[in-house]
Each structure stands twice: as structure tokens, then as C-alpha cells.
Amino acid sequence: MDAAELQAELEAANVAAARAAVGCVPLHAASVETQVGVVAFAGRSHSGKSTLTAAAVLAGYPYVADEITAVSPDDLSVRPFHRPIGLRRGGASAVGVDYPTSPDDRYELVYPWVLGDEHARSEGGTLAGIVLVEWDASSEPTIADVAPSWALTALTQHAVVHDGVYAPAFDGLNRIVRRVPIVRMTYSTTAQSLRLLAELVERWRP
């Protein structure tokens with residue numbers, strides 16, 4: 001299996017998970033469980049979603065999902081999707097995960113990091129909030145609140161749905177963003193991202 005075949009296999013798993021999320025809005029997002037509920041990390045490719053998730057898991061947060069986070073607009077429940085966490089070389093280095101070598105270069109694009117028994121896995125929970133992740137090597141760490149209308153526009157780009165169910169998915173996403181806080185998190189290091197996540201957990205306590 002070469003790099004392209006591995007990437008195709010991982011993408012097929014994501015599509016299957018999205019199609020199986022009946023009654024939910026499948027977001028292109030990673031997520032972990034916290035003391036206040038599930039926190040989802042959404043963002044474009046290379047924004048650091050999976051790296052932040054891996055760092056959080058290594059810091060003791062139970063793993064919920066990578067790539068596909070399925071949220072019910074009815075009760076805000078989140079389904080687990082325990083696929084291997086997809087790490088690129090930079091992300092793996094940032095969190096201290098050894099990036100393996102392979103004679104066929106299958107890990108050229110992504111390394112599917114399989115969690116060990118020492119890492120906690122969550123069976124899902126209630127969505128506490130959504131973080132729009134932005135990694136910027138030159139930025140100061142910040143958290144900024146996002147208005148529901150703007151969040152709906154941003155997250156529509158991260159809904160993994162086909163045209164036939166776009167309308168109900170959009171309606172479901174609209175219900176979600178009006179019930180949970182949405183923030184934009186900008187950071188330049190893994191340590192900063194974990195500190196900001198801890199700040200959000202404290203901010204979102206009832």
C-alpha cells in the first residue's frame with residue numbers, strides 16, 4: 001500500500017462514518033471529552049485539528065473522534081469515531097509521536113496513529129462547544145467569541161454531507177450553533193493550544 005492508497009482508505013472510512021451518522025450533522029472536525037462535555041475542533045486542512053486532538057489525548061482528555069464529529073441537533077449528543085488520528089510529520093513531531101518510516105513511503109502524506117491502551121477513549125457525550133482552529137507560527141495565542149450567524153457560515157464549509165441532505169443538515173447546523181458557544185482559537189505551539197483548551201473548559205463550566 002503506497003501513500004495514495006493509504007490516503008484513499010482513510011478518506012473512505014471518513015465518508016462511511018459520515019453516511020452512518022443518521023440524524024446527526026457530520027462535521028469535518030476532531031473532538032475530545034472534557035469535564036464540561038465534548039469539545040469539537042473544526043477548521044480547514046492543515047489548521048491543526050488532529051495535532052491538537054493528539055496533544056489533548058496525550059494530556060489525558062478522552063478521545064472522541066478525528067476527521068468526523070457527528071452531532072445530533074436534537075440533544076447535542078456526539079457520536080464517537082475512534083479511527084486512528086491522522087498526523088502529518090510536523091504534527092507528530094509537535095506532540096512527540098514517533099513518525100515511522102516505510103520503504104514504500106506509505107506515510108508520506110499522513111500517519112494513522114493508533115492510540116494505545118493507556119489512552120482514554122470516550123463513548124461520546126454532549127457537545128459543550130466548537131472551536132474554529134487556526135495555527136499560525138507567528139501569532140499570539142487568542143480566543144475570540146464567534147457570533148452564531150458567522151459560525152453558521154464558517155461551519156457550513158465543514159459539514160460533510162451530500163446534496164440530497166444538504167437542506168436538513170443546514171437546518172440542523174443552524175440549531176447547533178445557536179445552542180453552544182463557538183470560538184476561534186489561534187495558537188502557534190502545542191503547549192499554547194492545551195492552555196487555551198483548559199481556559200475554555202473553565203469558561204464553559206455551568
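The values are calculated or read from the model by the stated rules, or taken from the named source; none is laboratory data. Small disclaimer: the values here were computed from a predicted structure and weren't measured. Here the Cβ is made from the backbone with ideal geometry for all residues, glycine too, and neighbour counts use every protein chain on show. For accessibility, only protein heavy atoms count, side chains too; no ligands or nucleic acids. Shrake-Rupley method; radii C 1.70, N 1.55, O 1.52, S 1.80 Å.
A few comments on the model shown:
- Test: residue in the stretch 22-43 that is at pLDDT below 95 and over 19 Å from Arg175 (Cβ atoms): yes
- Test result for His119, of a type outside the set (A, V, I, L, M, F, W, C) and open to solvent by 60 Å² or more (accessible area, probe 1.4 Å): no
- Checked across the stretch 130-139, the condition of being within 18 Å of Val32 (Cα to Cα) and surrounded by fewer than 18 Cβ atoms within 10 Å (Cβ to Cβ) holds for at least one residue.
- Within the stretch 59-68, tally of residues that are modelled with pLDDT of 95 or more and either within 15 Å of Ala169 (Cα to Cα) or open to solvent by 10 Å² or more (accessible area, probe 1.4 Å) (or both): 4
- Test: Thr142 is β-branched (Val, Ile, Thr), open to solvent by 20 Å² or more (accessible area, probe 1.4 Å), in contact with a Ser or Thr (Cβ under 6 Å, 6 or more places away or on another chain) and more than 27 Å from Gln7 (Cα to Cα): yes
- Leu58 under 11 Å from the mean Cα position of the chain (by Cα) and either within 23 Å of Ala137 (Cα to Cα) or touching a residue at least 60 places away in the same chain (Cβ under 8 Å) (or both): no
- Complete set of residues in the stretch 28-56 that are of a type outside the set (Val, Ile, Thr) and either part of a loop (DSSP other than H, G, I, E, B) or under 12 Å from Gly125 (Cβ atoms) (or both): Ser31, Glu33, Gln35, Gly37, Ala40, Gly43, Arg44, Ser45, His46, Ser47, Gly48
- Yes/no for Thr189 being within 26 Å of Val95 (Cβ to Cβ) and open to solvent by less than 90 Å² (accessible area, probe 1.4 Å): yes
- Meets criteria (more than 26 Å from Glu11 (Cβ to Cβ) and not in a loop (DSSP other than H, G, I, E, B)) for Arg179: no
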